[in-house]
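Report on the following structure.
The values are calculated or read from the model by the stated rules, or taken from the named source; none is laboratory data. No experiment lies behind these values; they were computed from the predicted model shown. Neighbour counts run over all protein chains shown; Cβ positions are idealised from the backbone, glycine included. Surface accessibility is based on the protein's heavy atoms, side chains included, excluding ligands, DNA and RNA. Shrake-Rupley method; radii C 1.70, N 1.55, O 1.52, S 1.80 Å.
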Amino acid sequence: MEKHLLLKELQAKHTFPDEDFPKLISLFEERSFRKNKMVFKAGEVVKEVYFILKGCMRQYYISPEGAERIIYFAQESNWCSELYSLLHETPTNLSTQALEDTETIFLSRKNWEIAMTTIPTFTMYHLKNHQRILVKLKEEVGKAVNESPDEKYRRLLKESPELLQRLPQYQIAAYLGITQETLSRIRKRNTKI
(Lines give C-alpha, C1' and ligand atoms only; values in the text may rest on other atoms or scores of the structure.)
Protein backbone atom coordinates (compact mmCIF):
# COMPACT_ATOMS: atom_id res chain seq x y z
CA MET A 1 0.00 0.00 0.00
CA GLU A 2 1.10 3.53 -0.63
CA LYS A 3 1.78 4.76 2.88
CA HIS A 4 3.69 7.72 1.48
CA LEU A 5 0.27 9.33 0.85
CA LEU A 6 0.04 9.85 4.60
CA LEU A 7 3.45 11.54 4.78
CA LYS A 8 2.51 13.74 1.82
CA GLU A 9 -0.73 14.76 3.59
CA LEU A 10 1.06 15.48 6.88
CA GLN A 11 3.73 17.59 5.17
CA ALA A 12 1.19 19.47 3.04
CA LYS A 13 -0.62 20.74 6.14
CA HIS A 14 2.19 21.09 8.70
CA THR A 15 5.94 20.90 9.05
CA PHE A 16 6.30 17.17 9.59
CA PRO A 17 9.90 15.88 9.52
CA ASP A 18 10.67 12.69 7.60
CA GLU A 19 12.37 11.24 10.69
CA ASP A 20 9.08 11.27 12.69
CA PHE A 21 7.28 9.22 10.06
CA PRO A 22 8.65 5.72 10.88
CA LYS A 23 7.51 6.05 14.50
CA LEU A 24 4.07 7.22 13.42
CA ILE A 25 3.51 4.69 10.63
CA SER A 26 4.47 1.84 12.97
CA LEU A 27 1.28 2.63 14.95
CA PHE A 28 -0.98 2.09 11.93
CA GLU A 29 -2.57 -1.14 10.75
CA GLU A 30 -3.98 -1.93 7.31
CA ARG A 31 -7.61 -2.70 6.57
CA SER A 32 -9.53 -3.11 3.33
CA PHE A 33 -13.26 -2.71 2.87
CA ARG A 34 -15.24 -4.20 0.01
CA LYS A 35 -17.71 -2.00 -1.85
CA ASN A 36 -20.86 -1.34 0.24
CA LYS A 37 -19.27 -2.70 3.46
CA MET A 38 -20.25 -0.77 6.58
CA VAL A 39 -17.26 0.65 8.46
CA PHE A 40 -19.38 1.60 11.46
CA LYS A 41 -23.07 2.23 12.06
CA ALA A 42 -25.07 4.75 14.03
CA GLY A 43 -25.38 3.55 17.61
CA GLU A 44 -21.91 1.99 17.70
CA VAL A 45 -18.84 3.33 19.46
CA VAL A 46 -16.18 4.19 16.88
CA LYS A 47 -12.90 2.43 17.63
CA GLU A 48 -10.56 3.52 14.80
CA VAL A 49 -9.41 6.52 12.79
CA TYR A 50 -8.99 5.71 9.08
CA PHE A 51 -6.74 7.28 6.46
CA ILE A 52 -7.83 6.38 2.94
CA LEU A 53 -5.13 5.15 0.57
CA LYS A 54 -7.47 4.10 -2.23
CA GLY A 55 -11.23 4.22 -2.61
CA CYS A 56 -14.10 6.30 -1.31
CA MET A 57 -16.34 6.25 1.78
CA ARG A 58 -19.40 8.18 2.77
CA GLN A 59 -20.59 9.35 6.17
CA TYR A 60 -24.29 9.86 6.64
CA TYR A 61 -27.11 10.01 9.11
CA ILE A 62 -30.74 9.01 8.84
CA SER A 63 -33.21 11.87 9.14
CA PRO A 64 -36.31 11.53 11.38
CA GLU A 65 -38.27 10.93 8.15
CA GLY A 66 -35.99 7.97 7.32
CA ALA A 67 -34.01 9.62 4.52
CA GLU A 68 -30.26 9.16 4.26
CA ARG A 69 -28.42 12.46 4.42
CA ILE A 70 -24.79 12.23 3.30
CA ILE A 71 -22.58 14.79 5.00
CA TYR A 72 -19.10 13.75 3.87
CA PHE A 73 -17.32 11.87 1.11
CA ALA A 74 -13.81 10.72 2.06
CA GLN A 75 -11.47 9.93 -0.81
CA GLU A 76 -7.77 9.19 -1.16
CA SER A 77 -5.62 11.14 1.34
CA ASN A 78 -8.66 11.94 3.51
CA TRP A 79 -9.26 10.95 7.12
CA CYS A 80 -12.52 9.24 7.98
CA SER A 81 -13.81 8.60 11.49
CA GLU A 82 -15.94 10.16 14.17
CA LEU A 83 -13.55 11.52 16.75
CA TYR A 84 -16.12 12.48 19.36
CA SER A 85 -17.32 8.88 19.58
CA LEU A 86 -13.75 7.57 19.54
CA LEU A 87 -12.38 9.88 22.22
CA HIS A 88 -15.39 9.85 24.55
CA GLU A 89 -16.31 6.22 23.92
CA THR A 90 -19.92 7.13 23.21
CA PRO A 91 -22.17 5.88 20.40
CA THR A 92 -22.08 7.88 17.17
CA ASN A 93 -25.13 9.10 15.30
CA LEU A 94 -23.34 8.68 11.96
CA SER A 95 -22.83 5.67 9.73
CA THR A 96 -19.84 5.18 7.44
CA GLN A 97 -19.82 2.95 4.38
CA ALA A 98 -17.28 2.10 1.68
CA LEU A 99 -18.67 3.18 -1.69
CA GLU A 100 -15.90 1.40 -3.58
CA ASP A 101 -13.37 -1.26 -2.69
CA THR A 102 -11.32 0.81 -0.25
CA GLU A 103 -7.83 0.39 1.20
CA THR A 104 -7.03 2.17 4.45
CA ILE A 105 -4.50 2.42 7.19
CA PHE A 106 -5.91 3.08 10.64
CA LEU A 107 -5.08 3.93 14.21
CA SER A 108 -6.87 2.18 17.05
CA ARG A 109 -8.00 4.41 19.91
CA LYS A 110 -4.97 3.28 21.95
CA ASN A 111 -2.53 3.99 19.11
CA TRP A 112 -4.23 7.32 18.38
CA GLU A 113 -3.53 8.36 21.97
CA ILE A 114 0.07 7.12 21.74
CA ALA A 115 0.61 9.11 18.54
CA MET A 116 -0.97 12.24 19.99
CA THR A 117 1.04 12.07 23.22
CA THR A 118 4.43 10.97 21.87
CA ILE A 119 4.75 12.60 18.44
CA PRO A 120 4.37 16.39 18.88
CA THR A 121 4.45 17.08 15.14
CA PHE A 122 1.46 14.74 14.65
CA THR A 123 -0.38 16.51 17.47
CA MET A 124 0.28 19.91 15.87
CA TYR A 125 -0.81 18.61 12.48
CA HIS A 126 -4.11 17.48 13.99
CA LEU A 127 -4.69 20.72 15.87
CA LYS A 128 -4.15 22.72 12.68
CA ASN A 129 -6.14 20.30 10.57
CA HIS A 130 -9.00 20.33 13.08
CA GLN A 131 -9.17 24.13 12.86
CA ARG A 132 -9.21 23.97 9.05
CA ILE A 133 -12.05 21.47 9.20
CA LEU A 134 -14.05 23.62 11.64
CA VAL A 135 -13.71 26.65 9.38
CA LYS A 136 -14.74 24.57 6.35
CA LEU A 137 -17.74 23.13 8.21
CA LYS A 138 -18.92 26.60 9.20
CA GLU A 139 -18.61 27.73 5.60
CA GLU A 140 -20.48 24.62 4.43
CA VAL A 141 -23.32 25.23 6.88
CA GLY A 142 -23.60 28.85 5.74
CA LYS A 143 -23.64 27.83 2.09
CA ALA A 144 -26.14 25.01 2.69
CA VAL A 145 -28.57 27.48 4.26
CA ASN A 146 -28.17 30.16 1.60
CA GLU A 147 -27.56 28.30 -1.66
CA SER A 148 -30.17 27.04 -4.07
CA PRO A 149 -29.88 23.42 -5.25
CA ASP A 150 -28.44 24.70 -8.56
CA GLU A 151 -25.77 26.67 -6.70
CA LYS A 152 -24.92 23.64 -4.52
CA TYR A 153 -24.51 21.50 -7.63
CA ARG A 154 -22.31 24.09 -9.38
CA ARG A 155 -20.13 24.38 -6.26
CA LEU A 156 -19.73 20.59 -6.12
CA LEU A 157 -18.92 20.60 -9.84
CA LYS A 158 -16.24 23.24 -9.23
CA GLU A 159 -14.77 21.90 -5.97
CA SER A 160 -15.03 18.11 -6.45
CA PRO A 161 -15.75 17.27 -10.10
CA GLU A 162 -14.27 13.79 -9.67
CA LEU A 163 -17.13 12.85 -7.32
CA LEU A 164 -19.65 13.49 -10.09
CA GLN A 165 -17.81 10.98 -12.29
CA ARG A 166 -17.01 8.52 -9.53
CA LEU A 167 -20.28 8.13 -7.64
CA PRO A 168 -23.84 7.14 -8.56
CA GLN A 169 -26.29 9.99 -8.98
CA TYR A 170 -28.44 8.89 -6.03
CA GLN A 171 -25.40 9.38 -3.74
CA ILE A 172 -24.81 12.87 -5.16
CA ALA A 173 -28.51 13.70 -4.71
CA ALA A 174 -28.41 12.51 -1.07
CA TYR A 175 -25.32 14.65 -0.47
CA LEU A 176 -27.00 17.72 -1.97
CA GLY A 177 -30.22 17.02 -0.04
CA ILE A 178 -32.38 16.72 -3.15
CA THR A 179 -34.19 13.98 -5.05
CA GLN A 180 -32.65 12.18 -8.02
CA GLU A 181 -35.27 13.78 -10.26
CA THR A 182 -34.28 17.27 -9.09
CA LEU A 183 -30.63 16.42 -9.65
CA SER A 184 -31.43 15.30 -13.19
CA ARG A 185 -33.15 18.63 -13.93
CA ILE A 186 -30.26 20.58 -12.38
CA ARG A 187 -27.72 18.65 -14.45
CA LYS A 188 -29.67 19.44 -17.64
CA ARG A 189 -29.78 23.14 -16.76
CA ASN A 190 -26.03 23.17 -16.02
CA THR A 191 -24.67 21.17 -18.96
CA LYS A 192 -22.79 24.14 -20.42
CA ILE A 193 -20.70 24.66 -17.26
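Relative to the longest principal axis of the chain, what angle (0 to 90°, nearest 10) does the C-alpha long axis of helix 120-146 take?
Around 10 degrees separate the two axes.
If I fit a long axis through the Cα atoms of helix 180-189 and take the longest principal axis of the Cα atoms of the chain, what angle between them do I get, 0 to 90°, rounded to 10?
Around 80 degrees separate the two axes.
Tell me, in nm to one decimal, what length is gained between residue 131 and residue 87 on full extension, where the rule is 0.36 nm per residue of separation less the Cα-Cα distance?
14.1 nm is the gain from fully extending residue 131 to residue 87.
Full-extension gain between residue 160 and residue 47, please, as 0.36 nm times their residue separation minus the C-alpha to C-alpha distance.
Extra length available between residue 160 and residue 47 comes to 37.8 nm.
Once you have all Cα-Cα distances for the stretch 105-193, histogram them in 5 Å bins from zero and send the whole-percent values.
Answer for the stretch 105-193: a P(r) of 3, 11, 17, 18, 12, 10, 11, 10, 6, 3, 1 percent.
I need the trypsin sites (Lys or Arg not before Pro) found in the stretch 4-93, filtered to DSSP loop residues with at most 14 other beta carbons within 10 Å of theirs.
Filter output for the stretch 4-93: 34, 35, 37, 41.
Could you pull out every residue, at least 5 positions away or on a different chain, whose amide H is within less than 5 Å of the one on residue 40? Hs are placed 1.01 Å off N in the peptide plane, and Pro or chain starts have none.
96
What is the gain in length, in nm to one decimal, between residue 14 and residue 140 on full extension, counting 0.36 nm per residue of separation less the C-alpha to C-alpha distance?
43.0 nm
Rounded to the nearest 20 debye, what is the charge dipole size of the chain about its Cα centre when +1 sits on each Lys and Arg Cβ and -1 on each Asp and Glu Cβ?
Magnitude of the dipole: close to 680 debye.
Only loop residues by DSSP count here, and only those with at most 13 other Cβ atoms within 10 Å; note down the trypsin sites (Lys or Arg not before Pro) in the stretch 161-193 that meet that.
Those that pass, being in a loop and sparsely packed, are 192.
Between residue 190 and residue 26, what FRET efficiency follows from the Cβ-Cβ distance if R0 is 41 Å, with the result rounded to 0.05?
FRET efficiency, residue 190 to residue 26: 0.30.
How far is helix 149-159 tilted, in degrees, relative to the longest principal axis of the Cα atoms in the chain, given as a value from 0 to 90 rounded to the nearest 10?
It works out to around 40 degrees.
For Cα pairs less than 8 Å apart in space and 6+ apart in sequence, what is the mean separation divided by the residue count of the stretch 41-166, i.e. the relative contact order in percent?
Reported relative contact order: 27 percent.
State the percentage of accessible surface on the chain attributable to carbon and sulfur atoms; use a 1.4 Å probe and exclude ligands, DNA and RNA.
53
For the chain, what is the mean residue ellipticity at 222 nm derived from helices alone (per DSSP H run of n ≥ 4: -39500 (n - 2.57); sum divided by total residues; nearest 500 deg cm²/dmol)?
-14500 deg cm²/dmol
What are the GluC sites (Glu not before Pro) within the stretch 72-139 that DSSP puts in a loop, where the Cβ has at most 12 other Cβ atoms within 10 Å?
89
In the chain, with Lys and Arg counted as +1 and Asp and Glu as -1 at Cβ, which of these residues, 167, 36, 146, has the Cα nearest the positive end of the dipole, that is, farthest along it?
146
Starting from the eigenvalues of the Cα gyration tensor, five times each then square-rooted, give me the equivalent ellipsoid semi-axes of the stretch 1-72, largest first, whole Å.
30, 14, 12
Just to be sure I understand, if you calculate P(r) over Cα pairs in 10 Å bins from 0, in percent for this structure, which of [x] 10, 41, 39, 9, 0; [y] 9, 37, 40, 14, 1; [z] 8, 32, 36, 19, 5, 0 do you get?
Read-out taken from this structure: [z].
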